[in-house]
Amino acid sequence: MTLTINAALYIALGLYAGGTLLALLSLWSRERRLQTGGLWLMIAGFVSHTIWIGSVCVRTGHPPITNLPEASSFVAWTVFAVEIGLFIRYRVHAASFFVYPLVLLLLTITALVHEPFTKMDPQLRSRVFIGHLLFSTLGVAALMIGIAFTVLAYLQDRALKEKRPGRMWEWIPSLDICKRVSYRALAIGFPIYTIGLIAGVLWSYRTTAGLMDLRVKSIGAVVAWVLFAILLQSYIAGSFRGRRTLLVSAGAFVAALVAMLGISHV
């Protein structure tokens, strides 16, 4: 039964790998057909990915966010779903150079980390706990989209200042669009992520009569929150600085990844 369920996962992983490869090859050949082919492979992988997530939900009876493989898969699914929406709206081909590898990486973690699909402990069936998991996961997904477009904005800004287009020049939309999408993703994702962290603190206080334990996962989540706040503030204050913003984005991404990798089965 598990092998049957995971077949959809491995099919999605293979399709994502093919789509990512074609997208990266378009950096050198600059063939739009490679981008289009990569997109269709990613969409096919997304369909298989959706089937796998649905199978897990049916089997366990809870959202796919209660352990590392599930959470990693759900973040990957959400990131690509948002990417499809943004592509339809803005036709941003360059996002594929960051989003596709990220989706592939996250689903690879799902495939490599083997944990059983089990029903949630009845003691953990709490709206606060489910809210913590769901909002934290959705927040991370939105914030990762924001980081991807922050990187695109940095590359576009540097190319304009140096008047030297790079390999991605023709794939990247205007600087204004990159900043707008990045800001909106951060503005939406940050409060969602904040709600998730607050729910986690409330749940920890309810179960242990204390605040969150200072484990690597908790520290990573708080550091990611602080860095995301700094990143969002730079947009609000109009103090976007290419290199500094890029360093903050990289730190936020690593911190969020550390927090996610610290998820254990519940």
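Where a number appears in this text, it was derived from the coordinates with a stated rule and is not lab data. None of the values given here were measured: they were computed from a predicted structure. Heads up, the Cβs are rebuilt from the backbone with ideal geometry, glycines too, and the neighbour counts pull from every protein chain shown.
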Report summary line: In order over region 22-34: 3J(HN,Hα) from phi, Karplus 6.51/-1.76/1.60, θ = phi - 60°, whole Hz, x for each Gly or Pro, gives 5, 5, 5, 5, 5, 5, 8, 7, 6, 8, 5, 5, 5
Query raised in the report: Between residue 33 and residue 105, what length in nm is gained on full extension when 0.36 nm per residue of separation is reduced by their alpha carbon distance?
Result: 23.5 nm
Report summary line: With 0.36 nm assigned to each residue of separation and the Cα-Cα distance removed, residue 187 to residue 81 gains 36.4 nm
Query raised in the report: Given labels modelled 7 Å from the Cα in the Cβ direction, how far is it in nm from residue 10 to residue 247?
Result: 4.5
Query raised in the report: residue 160 to residue 112: FRET efficiency via 1/(1 + (r/R0)^6), r the Cβ-Cβ distance, R0 41 Å, to the nearest 0.05?
Result: 0.55
